[in-house]
Each structure stands twice: as structure tokens, then as C-alpha cells.
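Trainee: Sending over a structure as C-alpha cells; questions will come in a sec.
The values are calculated or read from the model by the stated rules, or taken from the named source; none is laboratory data. Computed from a prediction, not measured in an experiment: that's the story for all the values here. So basically every Cβ, Gly included, is an ideal-geometry build from the backbone, and we count neighbours across all protein chains shown.
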Amino acid sequence: MKALRTFLEKEKTTVMRKLKPKVRLFRKPLTASQELQISCLATGFYPRHINLTLFRDGQPVDDDQITGGEILPNGDGTYQMRKSLVISEEELREEHKYNCTMKHLSLDNKLDIAFDEDLEKSDFGSSALSIIISVLVFMCVAVLIVIALIRWRKRCAAETGSSTSHQSGYSPTSTSEQETT
């Protein structure tokens, strides 16, 4: 009975804990359609229940326009939730203001985070540019590695070649020495 009480006391602190959510906002250009996907991710919170809402110009976005919204477990016993909204090219031109609001037991007040960037002017080429830069950096590193390997192999071959002639006991003699013997 004492072991059960000890276990319950230990688990009570785990169950009664409150961990605040960590929030991240993402935007992802959908290049095939010139649309933009914005996402709000809350992660690392406990207990499980959270209210996460996306707003457009101060009004909640309809649930049929939002993807995600399921509460998923993290490996550390906390939870996460992501909600995403695809913004059309036309909506981007209209310059709406978007924000993510959440309420959770660990927060004294609601947490409100705005997508500060001007979404219409978001550079759809920036993701392509970052990919190009990443590929160029990778290629430069690969070339440097290949050059280093070639030099290393040449050095090893030169050391191996010079050490084998000394180890064999062979030393070349001139032809005049050979004739006298």
C-alpha cells in the first residue's frame, strides 16, 4: 500500500504539471500554384488541451479552409498542434493581416502572434534562391574534398614509393662499378 501511495504522489506531479507552448510561424510558397501556405505550430505544451485559432483581419478563419488541428504527442510526454492555411494569389493582393492566437492552461492570457511580414511581397523566388545557394556551397565543399583526397593519395603514393626502394636493400650502382667486379 505504501508503494502505491509513493507511486501516486510521484505521478501526481507529472499529471499536474503545466508546460507553456513554444510557438513557431511558418510560411511556405506553393510554387506550382503561386499560393502561400502559412502555418502556426504550438509544441511542447502540457496538459493536452489547447485552443489554437488562425485569424484573418481579426476574424477567425473558417475551419473548412484550415488543415491540421489534430493534437499529436511528442516523445517527451508533451503535445503539439499545427494549423495551416493556404492563401490564394488574389488574397495576397488584398493584403490581409493574419495572426495565430492560442489559449492554454499554462498561459495567464491568450498568446497572440502576428505574421508580421508583408505576405504579398513574400519572395517566391527566395526558396529557389536558397536551394541554388545550398547546391553551390555543397558543390564547393565537394570539390575541396576531392582535391584534398587527390593530394593525400599522391602523398601516400610518393611515401610508399620512396620507402619501398629503401626497404628492399636495392641501391642502384653505376655501370663502371659493375664492370670492375
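Trainee: Being in contact (Cβ under 8 Å) with a residue 24 or more places away in the chain, surrounded by 18 or more Cβ atoms within 10 Å (Cβ to Cβ) and either over 18 Å from Val23 (Cα atoms) or not assigned by TED's automatic domain parsing to the domain that holds Arg27 (or both) narrows it down to one residue among Ile87, Ile50; which is it?
Mentor: The match here is Ile87.
Trainee: Something else about it: What's the total number of residues in the stretch 22-43 that are touching a Phe, Trp or Tyr at 6+ places or on another chain (Cβ under 9 Å) and under 16 Å from Lys83 (Cβ atoms)?
Mentor: Result for the stretch 22-43: 11.
Trainee: I'm trying to understand the selection: among the residues of the stretch 53-84, which are of a type in the set (S, T, N, Q) and surrounded by fewer than 11 Cβ atoms within 10 Å (Cβ to Cβ)?
Mentor: As a first pass, look at the stretch 53-84 and keep what is of a type in the set (S, T, N, Q): 53, 59, 65, 67, 74, 78, 80, 84.
Gln59 - this is the single residue of the stretch 53-84 that is of a type in the set (S, T, N, Q) and surrounded by fewer than 11 Cβ atoms within 10 Å (Cβ to Cβ).
Trainee: Tell me, please, whether a residue that is in contact with an Asp or Glu (Cβ under 6 Å, 6 or more places away or on another chain), surrounded by 11 or more Cβ atoms within 10 Å (Cβ to Cβ) and assigned by TED's automatic domain parsing to the domain that holds Phe115 can be found in the stretch 20-38.
Mentor: Within the stretch 20-38, one or more residues are in contact with an Asp or Glu (Cβ under 6 Å, 6 or more places away or on another chain), surrounded by 11 or more Cβ atoms within 10 Å (Cβ to Cβ) and assigned by TED's automatic domain parsing to the domain that holds Phe115.
Trainee: Restricted to the stretch 97-133, and to residues that are among the charged types (D, E, K, R), modelled with pLDDT of 85 or more and surrounded by 10 or more Cβ atoms within 10 Å (Cβ to Cβ), which residue is farthest from Tyr79 (Cα to Cα)?
Mentor: Among those that are among the charged types (D, E, K, R), modelled with pLDDT of 85 or more and surrounded by 10 or more Cβ atoms within 10 Å (Cβ to Cβ), it is Lys97.
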